[in-house]
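A short reminder: the numbers here are calculations on the coordinates, not readings from a lab. Because the structure is predicted, anything quoted here is derived from the model rather than measured. Note that each Cβ is placed from the backbone with ideal geometry, even for glycine, and that neighbours are counted across all protein chains shown.
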Amino acid sequence: MTRITLLIALALSAGTTVVAQVQRDVYLDAGIPMIRSDREVLEPWYAVVLGADDSSAFVSWAELPSWGQVYVSRYWPDLDAEFLNVAIPYAFQDRGYSNIAVFDGGCVICWCRISGELACAVVDTGGAIAADPLDLEIAARKERFPAMSADSAGVSITFSGGVGNPCSTCNVFLQQLPIDLDVVPSTLTIATRSSSTEQVADVCVFRASDERTGVLFVRRHTSTSRSAYLRWVAADGSMEPAIQLPLVFHGVRTGRLLDSNELLLIWSDPAGSFYSGMYSMSGVPLSAPRILHEGGSVYGFAISPDGWILAADEDFQGAIRFRLFRPDGSPTGDWFDPTTPDPDRPLRTMDLSVSPIAVTRGGTIWIAWLARPTQPLDSRWHLTSLVPFTRGDLNGDGVFNNFDIDPFVLALTDRPAYEALYPGIAADLVADYDGDGTLNNFDIDPFVAAIVAGP
Ligand SMILES: [Ca+2]
Ligand SMILES: [Ca+2]
């Protein structure tokens, strides 16, 4: 497949200039047409977490060897950067486990230090530190990244193991913070284990439009008996009773509160098959569970606010793969691997113990992955985005019809005028019917045929 190669000169904060290569093409292996962009990252990424909304992705990474510094960058879907490597002004002393939550106005990054504290900072959409790092006087759970959810009012964080309570399976806690991090409300205890043989663990946290926060957590009574619960907390900190979900499962993997105010949950059964199901905010099943994957493990899942599901998997022998599911639960296609070949570094991996994947409304995918060598070479990080598009949709309204004829003619005859009118639409990919990598006269006949055939 022909590739469009773009060279983007990037000014780093240190004043040095590096050149990063972004490769962009049409990708069809996910089962729907997508514009793929891949960027080989020149910085020594480590412990990469990313969070995305409909417009961009925030990526955070920590410096080797021991978290000497944490940086945040923001990328557009074409992998041009709004800003690169903004340093979090914090005296990092030991390794942490971080997560990132995006809201309308920026991102919140929180990290659990091995030695104890949970700390958070806010970076705005332009790369300014909107809220200086805040240390929370709690000893957070170690060796797992915190579950987080943010909106323009605040951020919610769940963890287990508090001050004087080093047991990481005895309590589930919720910490709420305003988005400017200027007040620290009391840490709330969402669940406590009921016996010495029981374990409790948080799964994920949701911030609802009615200003309540929901925590999904699990009680493991024995190795085979488990139950899942949902507990809502009002903005003033008052807690509603926990709701037991009518769910038979081996493990609850993740969940998300959707735009529709329904909960989409993903869980596995003892045989290792994975399911998704919709629940009301009061825990009532809204549909029969759908099977996502039958038998065998799947490493990680991400869910968009409109219900797209991205499954991510790796075999730990150099292969990674993904599968995308529409909001109705149907797969767009088979498993796929959108990583680009690097003969010197043929092995691929992701660190799914953190959160290097995201899917956003409409099925746009973000992946941070690592190309590893078999020889003694450095590994190289990549950031890959996949943006679904409609072939021939040159006015960018999401459908292909007669209104795309004039933009097609304009893109063909006066590209600067087209790009001024429709910024951000890659005409050479969207309307490249014959697959030669550019929009030119050879695409006229197939475009006309497609218009005549109708959407
Ligand atoms: Ca259109
Ligand atoms: Ca063409």
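Ranking 134, 389, 145 by how far each Cα lies toward the positive end of the dipole of the chain (charges on Cβ) leaves 145 at the top. Between the helical axis of 444-453 and the longest alpha-carbon principal axis of the chain there is an angle of about 60 degrees. Ranked for footprinting exposure by Cβ neighbours inside 10 Å, fewest first, 227, 379, 56, 195 give 195, 379, 227, 56. Residue separation of residue 132 and residue 222 scaled by 0.36 nm, minus their Cα-Cα distance, works out to 28.1 nm of gained length. Rounded to the nearest 20 debye, the dipole size of the chain about its Cα centre is 1760 debye, using +1 on the Cβ of Lys and Arg and -1 on the Cβ of Asp and Glu. Note on segment 402-453: with charges restricted to the Cβ of Lys and Arg (+1) and Asp and Glu (-1), its dipole about the Cα centre is near 120 debye. For residue 384, what charge total do you get from the other residues with a beta carbon under 11 Å from its beta carbon, if Lys and Arg give +1 and Asp and Glu give -1? Spelling it out: positives minus negatives among the neighbours equals +1.
When a/c reaches 1.5 or more, the comparison of a/b and b/c decides; with that in mind, is segment 402-453 rounded, prolate or oblate per its Cα gyration tensor? Write out the running numbers ahead of the final one.
On the way: a/c = 1.91, a/b = 1.34, b/c = 1.42.
Here segment 402-453 falls in the oblate category.
What does the helix-only formula give at 222 nm for the chain: each DSSP H stretch with n ≥ 4 adding -39500 (n - 2.57), the total divided by the residues, and the result rounded to the nearest 500 deg cm²/dmol? Intermediate values should be presented prior to the final figure.
Working: 4 runs with 30 residues, N = 455.
After summing the helix terms and dividing by residue count, I get -1500 deg cm²/dmol.
Prolate is the label for segment 327-455, because a/c, from the alpha-carbon gyration tensor with a ≥ b ≥ c as root eigenvalues, is 1.5 or above and a/b exceeds b/c.
May I ask for the Rg/Rh ratio of the chain, computed from Cα atoms with Rh as the Kirkwood radius, given to two decimals? Before the final figure, lay out each step's value.
Values: Rg = 22.9 Å, Rh = 23.3 Å.
Result: Rg/Rh = 0.98.
Multiplying the residue separation of residue 192 and residue 21 by 0.36 nm and subtracting their alpha-carbon distance yields 56.5 nm.
Of 322, 400, how do they rank once you tally other Cβ atoms within 10 Å and put the fewest first? All intermediate terms of the calculation are to be shown ahead of the outcome.
Values: 322 25, 400 21.
Least to most surrounded, the residues fall as 400, 322.
Work through the residues other than residue 198 whose Cβ is under 15 Å from its Cβ and net out their charges, Lys, Arg +1 and Asp, Glu -1.
Numbers: positive: 193, 219, 220, 226; negative: 202.
Cβ neighbours under 15 Å give a net charge of +3.
When restricted to Cα atoms, segment 366-423 yields an Rg and a Dmax of 18.7, 55 Å, respectively. Arranged from fewest to most other beta-carbon atoms within 10 Å of their beta carbon, 314, 43 become 43, 314. Taking the chain as a whole, the Cys residues whose C-beta sits 4.7 Å or farther from every other Cys C-beta are 107, 112, 204.
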